[in-house]
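A short reminder: the numbers here are calculations on the coordinates, not readings from a lab. Note that the structure is a prediction, hence the values are computed from the model and not measured. With ideal geometry, Cβ positions are generated from the backbone for all residues, glycine too; neighbour counts draw on all protein chains shown.
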Amino acid sequence: MRITVDAGRCVGSGMCVHTAGEVFDQDEDDGRVIVRRPEPPARTRDSVRRAVDLCPAGAIALSDPGAPVP
């Protein structure tokens with residue numbers, strides 16, 4: 001699983017940080033998403049997928065979302 005973001009689409013709602021704070025953060029200046037762990041650990045897989053689903057702007061994407069996480 002690899003996370004990519006389109007910062008231009010991000011509206012700074014913070015749902016990703018509230019859902020998977022180990023993986024996501026927000027820029028202090030504009031509130032946009034920052035990916036702290038582009039290849040998140042297996043234990044965060046469910047929360048990362050939930051964060052993607054909850055993003056109101058659709059700014060977060062996963063590649064190989066069904067592949068096992070090492």
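Odds and ends about this structure:
- Other residues with beta-carbon under 14 Å from the beta-carbon of GLU39 carry, at +1 per Lys or Arg and -1 per Asp or Glu, a net charge of +3.
- Placing unit charges on the Cβ atoms only, positive for Lys and Arg and negative for Asp and Glu, gives the chain a dipole magnitude near 300 debye about its Cα centre.
- Net charge of neighbours whose Cβ lies under 15 Å from the Cβ of ALA7, counting Lys and Arg as +1 and Asp and Glu as -1: -3
- Comparing ALA51, ALA42, ALA20 in a Gaussian network model of the chain (Cα springs below 10 Å), the most mobile by mean-square fluctuation is ALA42.
- On Cα atoms only, tilt of 45-54 relative to the major axis of the chain in degrees: 40 degrees
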